[in-house]
Structure formats: C-alpha cells, structure tokens
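Worksheet for the structure shown next.
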There are 4 protein chains.
Amino acid sequence: MKVGIVGASGYVGGEVLRLLLSHPKVEVSMVTSRQHVGKFLYKAQPSLRSFTDLKFSELDYEKMSDNCDMVFTAVPHGTATEIVKALYDRGMKIIDLSADYRLHNPEDYGKWYGWEHPHPDYLEKSVFGIPELHRKEIKKSQLVSCPGCMAVTSILALNPLIKNNLIDEEHIVVDSKIGSSGAGAGAGTAHAMRAGVIRPYKPAKHRHTGEIEQELSQTAGRKIKVSMSPHAVDVVRGILCTNHTFLKKDIDEKELWKIYRAEYNEERFIRLIRDKDGLHKFPDPKFLVGSNFCDIGFDIDKDNNRLIALSASDNLMKGAAGSAIQNMNIMAGFDEVEGIMYSPLTPV
Amino acid sequence: MKVGIVGASGYVGGEVLRLLLSHPKVEVSMVTSRQHVGKFLYKAQPSLRSFTDLKFSELDYEKMSDNCDMVFTAVPHGTATEIVKALYDRGMKIIDLSADYRLHNPEDYGKWYGWEHPHPDYLEKSVFGIPELHRKEIKKSQLVSCPGCMAVTSILALNPLIKNNLIDEEHIVVDSKIGSSGAGAGAGTAHAMRAGVIRPYKPAKHRHTGEIEQELSQTAGRKIKVSMSPHAVDVVRGILCTNHTFLKKDIDEKELWKIYRAEYNEERFIRLIRDKDGLHKFPDPKFLVGSNFCDIGFDIDKDNNRLIALSASDNLMKGAAGSAIQNMNIMAGFDEVEGIMYSPLTPV
Amino acid sequence: MKVGIVGASGYVGGEVLRLLLSHPKVEVSMVTSRQHVGKFLYKAQPSLRSFTDLKFSELDYEKMSDNCDMVFTAVPHGTATEIVKALYDRGMKIIDLSADYRLHNPEDYGKWYGWEHPHPDYLEKSVFGIPELHRKEIKKSQLVSCPGCMAVTSILALNPLIKNNLIDEEHIVVDSKIGSSGAGAGAGTAHAMRAGVIRPYKPAKHRHTGEIEQELSQTAGRKIKVSMSPHAVDVVRGILCTNHTFLKKDIDEKELWKIYRAEYNEERFIRLIRDKDGLHKFPDPKFLVGSNFCDIGFDIDKDNNRLIALSASDNLMKGAAGSAIQNMNIMAGFDEVEGIMYSPLTPV
Amino acid sequence: MKVGIVGASGYVGGEVLRLLLSHPKVEVSMVTSRQHVGKFLYKAQPSLRSFTDLKFSELDYEKMSDNCDMVFTAVPHGTATEIVKALYDRGMKIIDLSADYRLHNPEDYGKWYGWEHPHPDYLEKSVFGIPELHRKEIKKSQLVSCPGCMAVTSILALNPLIKNNLIDEEHIVVDSKIGSSGAGAGAGTAHAMRAGVIRPYKPAKHRHTGEIEQELSQTAGRKIKVSMSPHAVDVVRGILCTNHTFLKKDIDEKELWKIYRAEYNEERFIRLIRDKDGLHKFPDPKFLVGSNFCDIGFDIDKDNNRLIALSASDNLMKGAAGSAIQNMNIMAGFDEVEGIMYSPLTPV
C-alpha cells in the first residue's frame, strides 16, 4: 500500500515515518513539508538517514491522490481543517493526527479551541481513532482522527470504570504528566528553562478535556465531566495519567482486575500492570519508550473510597504515531499489530 | 550559638550544614555519623570542602550536651526515637528532621508507619515545625519536629482553604511530584532506572498523608481526610503539589487572592505566584532550587467547581533543612530569615 | 535456531532478549540468572512483559547444550572465564559479552584487569567481535568475544586512520563520554548523585584502552598506544568518542571522506555524518538510541594539524547487544542485519 | 556602591543580579533591557521575585552615569562594542561580560569572530578578568573584560603547567563539556532536541580558543597553540575541561601537587581535588552548582607520558557572573570574596 505523509518534518510525522519505513506492507510514496520542499527527508529527520532517499515535496493534492492509497496528516492544529477536507473530497482515506476532526460537536471547537469549525458537517464523517473503543467504525471509515496523547491515555483507564458505573461522576480528577516532545517540534521551550521543571500548564480547561468528556459521555450515555490538569516534567517521551476517582460502592482489587481484564483481555496493546515489589509496581512511561502499549494499573485507597487508575504511554506512539498506524492497519485490513509491535527500550 | 548535627552524612544533614556553616550566628561544633567516625566531613559532603575542617565524631551524649546549645537530628525514620529522647532528657533543644515525633497521636504510628512508638508520652512534647502555623509554640518549645517535605508543601496551600471553610472536605486530592533527593542518601534508585521515570509510588496510604490530615484537622477542628498520591519524577530537588479541591460555594479569583494574602502577607518564605504569560504562570520547583520559599498559586476550573491549589518547594530546603533552620532561628530568638534568605538559582 | 542467554537479568542481557524475541530466525529457549531462578523473565525485565512467558532457570550446562544451538553470556567481568570454557568444551557456539575473552595476550589481563587469566590457552580461540574488522574469522569461530562499548566506538573511527598511516601514533587522545547504563544493572550510582554529573573516571588506564590498543596495533602491524579518558554524563544510553589525532601530512576533507567511504561503504551499520547546518552536523548518540549504528564524522583543525574523528553509538546496541546479534547472524549464516536494523528513536 | 546592569534579562544578567541583590556593599540602582522596558525585573527573572521591585529602564547613558558607580554589561557578543565605549568615555568603571573586549590583538577579532573591531584602540584599555592571573591590573583598571566560561576554566588548569614549562606545547588538547545555560537565554535548543545530547560543536576553531591561547602565550612569553573541542551535554549549569597534555619530562604526582599548591594556595576560589575513593575523586561540576569555585585536579597516564589536568566550574558563576563580581570586589577595594562565597548546592 502506498501512503503519503502531509507534515513530515515534525516529531509526530517523524515517528509515523520511522514506523512506516519498516512496515512490511507499506511503501511511503510522498512526504510533504512547506519548509523543506526539495530537501532530503533525513535532513529534517536525522534518525532516518540510510533508511530512505525520499525528498520533501509540495502538498499537491493531484499528485497525492495519484500516488497514495492513504494519507497521514500531521500538521498543526487549525491547519488540518482544509487539508483534510480537500483530501476527503478527492475520496482519499485519511488518518489525521491534528485535533481538527476529533470533536463531533461543532460547538466544542468554540469551547475548547476558541474558533469556529469551518466545516462542521465533516465532523460526523470522522471516527475517533481509539481502536479499543471504535474498532468497527474505524474499519469502515474514510477519515479517522487520532486522539490527543493525554486524552487516549486517560480514556483507556477510565472507560471501563464508566462503562461499569463504578465511580462518582462528579469527581473525576485526571492529573497528567507529560514530556517535552508533546509540545511538538515548533513549540518547545529551550532546554535550560525546560530541564528540571515540574510545571503546571492549563490546570483548568486544557483542550484534551473535551475529548475525554466526549468519549466517556458516549460510553455513559450521559454527560460526564472531567477535571483534568496537565504538568510538564523532565522527560522527552512519556505520559502518566493519574486518574483519581471515588468509588460509588465497595469493590475490592480482585473484582476490579476482573473488570479490566474483561475489557482488555483481547487487546494486544494494553497491558495490566501490578507488581508487589520491584521498580515496576505501577505503570510508568519509563518502561514504554518506543512501544505502542498503554499500560494500566490501579490502587485502592480504602480510607477515602478512592480508586487511583494509572495509565501510561509513549506520547509519540500510542499517543500519536503508533495509534495512527494501528488505525491504518485496521482500515487497510492488515493485522492490527503489523509494524508496531515493538517492545519498549529499557533502560533509556 | 553552638550546634551539633546527628546524622550529618545524608542529603538533609548536608543541607543543614551548608546553611549553618554560613549562618552568621551559629558555630557548628559537632557532627556525628556512625559510618564516618574520624573522617573529615567533606569526604562525605564534597561540596563543603574548604568550608570546614570538622571531622565526624561518635554520638556521645555527654560531649554533645557539653559542646552544643542546640542539636539537629537528621537520622532515618525509626532511628530518632531513642536519640531524641536521650537528648531531650538531658535538657537539650532539639530540631528533629525524622518522622519520629511528627504525629501527636501515638496510634497514628501504627496506622502510617506500622510500628508502635516506644515513647508515646514524648509525642506531646513535640511541636510540628511549620512556623507559618505554629510560630508561637515553636518559640517556646524544647523539641520541634520538622514536617515531611511533601506534607509541608501541601499543608501550606490547603490550610487557608480549610480555615476559611471553602472546600468540600470529602474530595481533597493531593497529587505530588518529587525529585530523587527526597529518597535520602541511603535509598536511591540507580540512575539508569530512575532517569526519565514518571513513577507512582504509594498511590494510596503514603505516610505523609498522616501529617497533612493531622494539621488540617487541627485547623478545622474536625477530622479531615486527604487523598494523597506521590510520584517520582526526573529532577533531583523539587516538589510540586497539585492540590485538587472542590469549592463549596462560588468564589472568584480575586476573593481567593484576598484570602491567601490575608494568610501569608507577613510570611517571608511564602510567595503567591500567578502570571498571565511567560514560563512562570504557576508555582514550579524549577524556580525554587536552593531557596526556602514555598510558592503558592491556583487556578479555578469553573466547569467542575474545582479549585486547583498549586504549591512548590525545594524538598531539601523548605521541605527539610531550610525549615529546620527557620525553626532554629525562632527558638533561638534570631531573625527568622537569618542564614536562609537565598534567592533560587536559575536556571539550574 | 535455539539460543540461550546466561545472565539475562542485567541491562545487556535484557537488550539481547529484546532483540532476540523479535528476531525472525531465533527462538529463545533458555534464560538463566542466579538471583531469579524460577521467576518470570518479565519480573526482572519489565519491558518484556507480554513478549514472553519464559522463566529464569539455573545454569545447567547439560540442559543448555541440549536446548540451545548458541549461547550468549552476559555475566559480569571475571565471572565468564569458567562459564565460557565450560560451554566451549561442550562444543557450543558462544557469544560472550564480558571482557574475559577479549584480549589475546594473557599478560594484558594482568595489566588492565589486575588478575591472571585462568585459561590463557583459550584466549586465542576467541575472535574479537567487530564484524567490520573481523567478519571472516567471526563466521568460522566457535567463540566470539564482543568488544567493550567505548572500545568498539573508538576503534571504528580510528582504524581507517591507522590503516592509512595518516596520524601521529604518539598522540592519540580518546576522550569518551558515556551514559549510566554502561555501568550495568548491578553497579549504578543513585540518581541524585549521578544526575547532572560530568564526571571523569579513570582518566588514565581505563580497561577499554587495552582493547583499542590491541586492535589498532594489529591493524598497524606495530604497537600503537592510546590515551583514553572516559567521562560519565547525564544520559542513560549513548557514547560519544572524541578521538583527537594529529595528522602526519596535509590532507583535506575530501580525501578523508574518500578514505572513510572506501573503508565503510559496504558496512550497513556505519553511517558517515557531516552536515553544514542543523542539529546533526556531527555524530551524536542522541540520534542513535535503540539502533545498531556507529555514526562517524570528523573535523579538521588546520591551525594545529589536528583531525578530530568523532564516533557515536548506543552502548547497549552497537556497544553490546546489537553487535552480539550481528555476530550471531554472521556465525549462523543469516543476513547480517536480521533483527537489528532499527532506526533510532527520535526524539527521546 | 551603586551599580547598574545593561542587559539584565538574560541568564548571565540574572545571575549577576541574584548575587548583587544579596551583596552587602552594593545597591543595584538600574537595570536595562531593550525588550522589557517598564516591566518589573522579576517578570523576566522569576527567581528574583520578592527580592527587588526594580523595573527595567532604557539604556540612557546620562542617567546611568548619574546613578551608577560601576556598570556590568551583559549583552550579546558584538553588541557591547559601542555600549562599553560610550560608558568608558563617560569615565565609568565597567565590567564587560561579552567577548568584545577580551582579545588584546585587534586581528584576533577577524580570526575568531569574523568581524573587524570598530574600536581597536580600546582593546588595550581592557584587562582580562581572571583575578588569579591579573589581580593587580584589575585593581587599577577602568574596564575589565570577563573571560569566556570555557576559557577561564581551562586556563586555570593549564597556566601553572605552562608557567613551569612542564608540557609539550604542540599537543595541548582541551576537550570541554558544557551545559545548556552556556548558550544564553536567546539561543537555546528546544528541550526535546537538547535533552540527552552528547553533541560536538565547533570541534575545531571554537572562539574561546583565542582567549586561551592569548593568556597561555602571555604566560609563556611565546606563542602557544591550543586544540580545543567543546561538547554540549545534558546539564543546565556546569563545565568540565579535560585538558590532555603530554609531559616534557618525568614528574610524579607529588611534585605536581606542589606546583599547583604553590600557584593557588592563597586563592580562595580554587580548590584542588583528588580523592582516592568516593564519587568526588576528580573535579565534577555537579559539585559546584551555585558556587564561584574552579576545582582543579589531575591524573597521570605514565604509559603515554600524559598529564590529564581536569578543571570544573559553574559556567554562570566562575564562568561569568561570579568572576564578574570577584572583579568588581577587587576594583572597588572590597574583600574579594564578598557576596560570592557560597558553598555549592548538593545534590542538585
């Protein structure tokens, strides 16, 4: 299958390429970047040197539809609205990595992004790209919108709790910690000011909240509100979501394991983590670098009736490029794990 | 004033020494360490080379009471019970940096530490060493027990909210992030396994919870329960507490500022942080390294009626040695900021 | 092919396993660890959870020769002498990752390691495992000894210079920088004391010097001495060798490129790096994490007639496990890149 | 004494301010920054919040000479040429932290910086600001130019060797490792691309080479050439210079210690480091953060007749702001250590 990548010079585009260039069923036929037209891909993505002789080309929809069976769009939020529509109208299959087609309700773009969506009628054409929740729709879809990295990590931990009606829906606190690659290649803080931070940003009203609420509400069949606060910490890759919830009723560890197992037993990219000793008692993105897993675990704080659901991922993999290719595999009818079943690098 | 340090080879003991060796009113007359008896202090504390020719001696209570007006005990939890008692019985003034005399209720040692306190009648002799809460008692006390690093950081943010009866007391979630020096010199994980972690540890029932509950309950006049979960992140020094709370009634930012200002206006080691732009909109321990400040800020999440109270500190300073010397200054009648009013190092 | 790993609980053993568990031609049939007998492999290697159900077994030579076609030994230096001999005597093919069979001259063990080799007659049976230098011998060998991580990285940059008689052999300065995983799982410094270091260790007489001298001397046909000084820096994976040399005669950049290209053009794990702009002008292990490449580049300092040959690698890959499997592929007659041709993770 | 700082919004300006605001004999009367005129200083320097209510003003030479007894200029290289001259012509005492008045020979600006110095006749008015070398001249000078951070660190290790004619002058290799704050506040690489690097930059012809050669040549009384190569590593603050030299004659450790002691015994900001065990056998900037020390040590590689002279510093302290204030103290007749004798923070 021939695929193209629009916006191939950023971190997410680079990760999509890293995976696709080794994917047994895919040929990367086209990469675009406004900044780098005509240059070798490896100039912007030094790690890919010796893996490809591709050069960046301009975004030419005509050529793209001639040369590509499927397209990944990895451009900044707000920039994808037109590109995705143009590709869609040409009948192409698209996997969008921006936020521009994640929210189904047009009003949510006003609320979370502060702008009006120019093509609200296209929002319903898009499937929210979490295979563990929407595999069937993804399979049939022409347009899949990959979730935000913190959103998918949190949703995968919380969704079984909502589905099983276990938790107080008024007090769902998602405390997220994320590495610097999450900011994207164009938006990073200089090392001297970013190293060593434990920096809250947008403690209220972070945009990913909208996606989490959308998905959990859909599961619940009623409006669920989420209290999310992200923090920048000193790693490059990695997300930990500490999902603090309060139990509606008494439930013990065993029952909870059963619920999670029932939900995820067949899922090849979800691992349930709980050890009694060692350094890996709970999910930790340290042990996920380079892999497409979302690790999930939990602890129960009986004194407070609190259930702490912990979920971790590599924000460029399960949080972006890995999920994108998982979606591609589903859309193309390949084995879902093809080209993305890597074990994490440890230690790194 | 002559002071001694029992347990001067660890991180906290080292930080106490760093500060005392430059303190204008103090002479360090004695340092002990079982491991290092007879060696130069700077062998175990390489940063202090050229600042002192002290050698480690054995813990000899007789000599200590002859040579010291005040003693800091910086030994591991559980080890201080006897040492502090022995010094106390000799009539010495003591500033204890372990957890052994922090909790007033003997039963709490069973609950949080899993052992019975051998000298429960001494617990009431000890004042909990947060000057911002207990300055008067500290001034008169013979024994001050310095708070846990995460505890003091969290308490300082939460106490005004409890005092003013602003928050739902059933849903106080303290999500803490802490650096590796918090583990102490004897207990650290090797760099390759610790670098890059975002590792939950004790998501339920962390020991510092007991101290937070003790202090907030005392303020409230009724039992307050706290849901605390700490996380190890990749810094050496620094704590951020994200205190997620839910407001009992509508209150806007201005009113909250007034409440915090009323509480802390006279406090020289508390800074209220809120900027509209830049990299320091909220408290971040990155900008506190080497200083004794606790920075406090907040954000309001109206959608969820949530108040996120953020507090940050250097765990070896305000979280340990800095607080200890602040307490010493008060006990000795010195200016409270003497020898500890340093601006943070930035960038570091 | 069935392979066993002796000493599978360390960093190098873990990396060998990570690679072998995805290798298309290999089945891991046995893993041993004295500490962990009977436990699941993933308990000690958390990243491998869901990739294998193997358990650690005892080191039983009988079972090993029944169950394995080839064995990797990844035990601490000094421990491998007997194990390797025992396996060798059973006629097994061995890839040793310790230093115990690297040096051909028995006296060198006295000089660099301070002990006498118990089986000096076995040293000549071992081939030094750098395929780029000894591919033919490796192919025929029963025992391959993988080079030290800093040694191989330095040798690959220096060997063409020696071979072409370009540099002053009296002043070869190798200044190496290495991450914390190089110390091994059993020997690391705690994070708080290791983070942020730029720490010289063994500025004179580091053990890897012996290997570099052995290999360069063999190439030169005369004794070559090397001045090596390693430094610990704050990364987990990665080595940079700055090989400072002085040119015997005038030579320009183009000619040097020709020489390096002639040497390495066919080598699939060596990349020559030199860009005029961007962040990847010269080799940097940042852009090699998880890959088996050794990146080589250089700069000429005309004022001083100095040639700075730069080489970088991932110390657990080309510096250990990656090289080991490259050697295995050669010994087994597989494609040399099978199971190890991964692009680096970036950013990480 | 009243002092002003021109260019107070960068890292060096911030560090000068941190120190001066606690300096017992100094009042900061004026700070300028083109970008921030009218804003509170702490907006750009968040660590200084609560230490000053100063606001940034424009650079008005008239007001500056009315309000300041001495001025620090901490503006980018190339920008200081005119500012320093204008202040000098008004008769003011200046401590310049740029490179613009470091080199005495006007031709060196062409060689190392690629531009012609507009005021070559002012170069001789400037004293190179290393007190350990030029204390007397500094005392009498109107203009002191502070050395480059890597230059001063290297010079202090090498100067005694040159002075005592110990080393082969044709093969002086300075391999430097430096943190990200050295790039300045305006020039940093984003964290995701800077974290974890071991990145060579300018392996040949780095600008600081010119300063080292100037100073060593002056000591030697003949032209000395230096082979310097800097590397970016993952710390924020800190420099290690590994000065590889080759001994002209046999000399043992004791004699070398004597030479270094003779040179630096009276110097309060130089410490000689050599331990037989522990983590601080050799200089390491990890143990210098926040202090004005230059730590010096060495090792002898007898096999190669090599002397490895190691020197470490905090690049913002001894490498910039600390040295600047040391110079100020000398110029003003204060005790040389006033306001800068801090012990390093450890661990950090």
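The values are calculated or read from the model by the stated rules, or taken from the named source; none is laboratory data. Keep in mind the model is a prediction, meaning the values are calculated, not measured. Note that each Cβ is placed from the backbone with ideal geometry, even for glycine, and that neighbours are counted across all protein chains shown.
Okay, here's what the table says:
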{"quantity": "Residue in the stretch B:144-167 that is over 17 Å from B:Ser311 (Cα atoms), assigned to a loop (DSSP other than H, G, I, E, B) and either within 14 Å of chain C (Cβ to nearest Cβ) or of a type in the set (D, E, K, R) (or both) present", "calculated": "no"}
{"quantity": "Unique match (being touching a Phe, Trp or Tyr at 6+ places or on another chain (Cβ under 9 Å) and at negative phi) among B:Pro160, B:Pro118", "calculated": "B:Pro160"}
{"quantity": "Residue that is farthest from the other protein chains (Cβ to nearest Cβ) [pool: residues in the stretch A:299-312 that are crowded, with 24+ Cβ neighbours inside 10 Å and within 18 Å of B:Ala232 (Cβ to Cβ)]", "calculated": "A:Ser311"}
{"quantity": "Failed criterion for A:Ala232 (all others in (1) surrounded by 24 or more Cβ atoms within 10 Å (Cβ to Cβ); (2) closer than 22 Å to B:Val235 by Cα hold)", "calculated": "(1)"}
{"quantity": "Filtered residues of the stretch D:236-277 (kept if among the polar types (S, T, N, Q) and away from chain C (no Cβ under 11 Å))", "calculated": "D:Asn265"}
{"quantity": "Given (1) in a loop (DSSP other than H, G, I, E, B); (2) more than 14 Å from A:Pro203 (Cβ to Cβ); (3) more than 11 Å from chain A (Cβ to nearest Cβ), index of the condition B:Met331 fails", "calculated": "(1)"}
{"quantity": "Breaking point among (1) over 17 Å from the mean Cα position of the chain (by Cα); (2) closer than 27 Å to D:Val337 by Cβ, for B:Glu15", "calculated": "(1)"}
{"quantity": "Top-ranked residue in the stretch B:168-191 [being in a strand (DSSP E or B) and in contact (Cβ under 8 Å) with a residue 40 or more places away in the chain; ranked as farthest from C:Ser181 (Cα to Cα)]", "calculated": "B:Val173"}
{"quantity": "Filtered residues of the stretch C:42-56 (kept if under 24 Å from the mean Cα position of the chain (by Cα) and either closer than 21 Å to C:Ile325 by Cβ or of a type in the set (D, E, K, R) (or both))", "calculated": "C:Ala44, C:Gln45, C:Ser47, C:Leu48"}
{"quantity": "Residue that is nearest to D:Arg194 (Cα to Cα) [pool: residues in the stretch C:252-272 that are modelled with pLDDT of 95 or more and in a loop (DSSP other than H, G, I, E, B)]", "calculated": "C:Phe269"}
{"quantity": "Test: C:Pro347 is within 14 Å of chain D (Cβ to nearest Cβ), outside any strand (DSSP E or B) and touching a Leu at 6+ places or on another chain (Cβ under 7 Å)", "calculated": "no"}
{"quantity": "Residue selected from the stretch B:216-230 under the condition in a strand (DSSP E or B) and more than 7 Å from chain A (Cβ to nearest Cβ), by the criterion farthest from B:Gly14 (Cα to Cα)", "calculated": "B:Met228"}
{"quantity": "Residues being in contact with a Leu (Cβ under 8 Å, 6 or more places away or on another chain), buried (at least 24 other Cβ atoms within 10 Å of the Cβ) and assigned to a loop (DSSP other than H, G, I, E, B) - total across the stretch C:235-251", "calculated": "2"}
{"quantity": "C:Gly179 within 28 Å of D:Ile273 (Cα to Cα) and at pLDDT below 95", "calculated": "no"}
{"quantity": "So C:Phe51, is it under 20 Å from A:Pro347 (Cα atoms), aromatic (Phe, Trp, Tyr), touching a Leu at 6+ places or on another chain (Cβ under 8 Å) and free of Cβ contacts under 8 Å to residues at least 24 places away in the same chain", "calculated": "no"}
{"quantity": "Residues of the stretch B:24-44 classified as out of contact with any strand residue (DSSP E or B) (no Cβ under 9 Å at 6 or more places or on another chain) and within 12 Å of another protein chain (Cβ to nearest Cβ), total", "calculated": "2"}
{"quantity": "Selected residue (criterion: farthest from the other protein chains (Cβ to nearest Cβ)) from residues of the stretch C:169-212 that are acidic (Asp, Glu) and surrounded by fewer than 23 Cβ atoms within 10 Å (Cβ to Cβ)", "calculated": "C:Glu169"}
{"quantity": "The stretch A:219-242 residues that are over 27 Å from A:His191 (Cβ atoms), paired with ones that are of a type in the set (Gly, Ala, Ser) and not in a strand (DSSP E or B) (beta carbon under 7 Å, 6 or more apart)", "calculated": "A:Lys223/A:Ser217; A:Ile224/A:Ser217"}
{"quantity": "Residue ID - farthest from B:Leu247 (Cα to Cα), chosen from residues in the stretch B:284-297 that are more than 8 Å from chain A (Cβ to nearest Cβ) and in contact (Cβ under 8 Å) with a residue 60 or more places away in the chain", "calculated": "B:Cys294"}
{"quantity": "Matching residues, the stretch B:251-283, being farther than 26 Å from B:Tyr342 by Cα and either in contact (Cβ under 8 Å) with a residue 12 or more places away in the chain or not charged (D, E, K, R) (or both)", "calculated": "B:Ile251, B:Asp252, B:Glu253, B:Leu256, B:Ile259"}
{"quantity": "Any hit, the stretch A:316-339, residues being out of contact with any strand residue (DSSP E or B) (no Cβ under 8 Å at 6 or more places or on another chain), farther than 30 Å from A:Ser141 by Cα and in contact (Cβ under 8 Å) with a residue 60 or more places away in the chain", "calculated": "no"}
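Yes/no matrix, rows are residues, columns are (1) without any contact (Cβ under 8 Å) to a residue 40 or more places away in the chain; (2) of a type in the set (Phe, Trp, Tyr); (3) surrounded by fewer than 22 Cβ atoms within 10 Å (Cβ to Cβ); (4) touching a strand residue (DSSP E or B) at 6+ places or on another chain (Cβ under 7 Å):
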{"position": "B:Lys93", "(1), (2), (3), (4)": "no, no, yes, yes"}
{"position": "B:Leu97", "(1), (2), (3), (4)": "no, no, no, yes"}
{"position": "B:Arg102", "(1), (2), (3), (4)": "no, no, no, yes"}
{"position": "B:Glu107", "(1), (2), (3), (4)": "yes, no, yes, no"}
{"position": "B:Gly114", "(1), (2), (3), (4)": "yes, no, yes, no"}
{"position": "B:Asp121", "(1), (2), (3), (4)": "yes, no, yes, no"}
{"position": "B:Gln142", "(1), (2), (3), (4)": "no, no, yes, yes"}
